[in-house]
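The values are calculated or read from the model by the stated rules, or taken from the named source; none is laboratory data. Worth saying up front: this structure is predicted, and the values here are computed from it rather than measured. Counting neighbours? That spans all protein chains shown, and the Cβs are built from the backbone with ideal geometry, glycine included. Note: accessible area is taken over every heavy atom of the protein model, side chains too, but ligands, DNA and RNA are not part of it. Shrake-Rupley method; radii C 1.70, N 1.55, O 1.52, S 1.80 Å.
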Amino acid sequence: PLIVKAAGHEQMISPGAHWVVSYDPANGREFWRARHGNGFSIGSCPVFNEGVAYFSTGCMKPQMCAFRVDGEGDVTTTHASWKTMRQVPVMSSPVMIGDEIFWTSDDGMANCADAKSGDAFWQERLNQQHLASPLLAEGRVYFFGKDGKCTVVRADKKFEKLSENQLEGTVIATPAIVDRTIYLRTDTHL
């Protein structure tokens, strides 16, 4: 789940198998819910920007969904901003900067879309599986492939590859950034 301050109160936005639900984290009271389909095994975390929550729906046919968070009750038809099934991850979470949202599909298709409309700015094949979530830092998006290749692109509406770096080992866990340092865990190293 993700805790956000929106629509005049704190909300815990929690995607589930068929619904995304917003709760009051203080007492568990439900604010709103939206049915997104028949997903399961949701491993990704939602992201939030300017009153909209973005999340993927997990197995079997993942969707990337965007819902406004200012509703009450069932907002399935009234608060959906957009949905797409194009190259959506089952495992990893998206990242955002400004009005751009970035994600990579499990089979390695990197995406940049307009966060307001869902329209794709670009899609680029990275040539390996991707289970770790991309990272955003210093105007760059870092895509970590399962076989250890990290592709770094400019966080922009136009695709520009800045570098590729090969790591030893398998990368499944999402790296972390602390004090301008990226911490990576492979199957053999930290």
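Scan the stretch 15-41 for residues that are farther than 20 Å from residue 82 by Cβ and part of a strand (DSSP E or B) and the total you get is 4.
Right, residue 117: at pLDDT 95 or above, part of a loop (DSSP other than H, G, I, E, B) and loosely packed, with under 15 Cβ neighbours inside 10 Å or not? The answer is yes for residue 117. The single residue among 144, 159 that is open to solvent by less than 30 Å² (accessible area, probe 1.4 Å) and either modelled with pLDDT of 95 or more or under 15 Å from residue 109 (Cα atoms) (or both) turns out to be 144. Among the residues of the stretch 128-178, those that are on the phi < 0 side of the Ramachandran plot, among the small types (Gly, Ala, Ser) and assigned to a loop (DSSP other than H, G, I, E, B) comprise 132, 133, 145, 155, 173.
Is it true that some residue in the stretch 149-164 is among the acidic types (Asp, Glu), in contact with a Ser or Thr (Cβ under 7 Å, 6 or more places away or on another chain) and over 29 Å from residue 18 (Cα atoms)? Don't jump to the end; show me each part of the working.
Within the stretch 149-164, the subset among the acidic types (Asp, Glu) is 156, 160, 164.
Keeping just the survivors that are in contact with a Ser or Thr (Cβ under 7 Å, 6 or more places away or on another chain) gives 164.
Subset that is over 29 Å from residue 18 (Cα atoms): 164.
The answer is yes, given that some residue of the stretch 149-164 is among the acidic types (Asp, Glu), in contact with a Ser or Thr (Cβ under 7 Å, 6 or more places away or on another chain) and over 29 Å from residue 18 (Cα atoms).
If we keep just the residues of the stretch 42-79 that are in a loop (DSSP other than H, G, I, E, B) and polar (S, T, N, Q), which is farthest from residue 90 (Cα to Cα)?
Taking the stretch 42-79 as the starting set, the residues that turn out to be in a loop (DSSP other than H, G, I, E, B) are 42-46, 50-51, 57-58, 60-63, 69-72, 75-79.
Still in the running and polar (S, T, N, Q): 44, 57, 63, 76-78.
On the way: 44: 7, 57: 7, 63: 9, 76: 21, 77: 24, 78: 25 Å.
Ranking the qualifying residues of the stretch 42-79, first place goes to 78.
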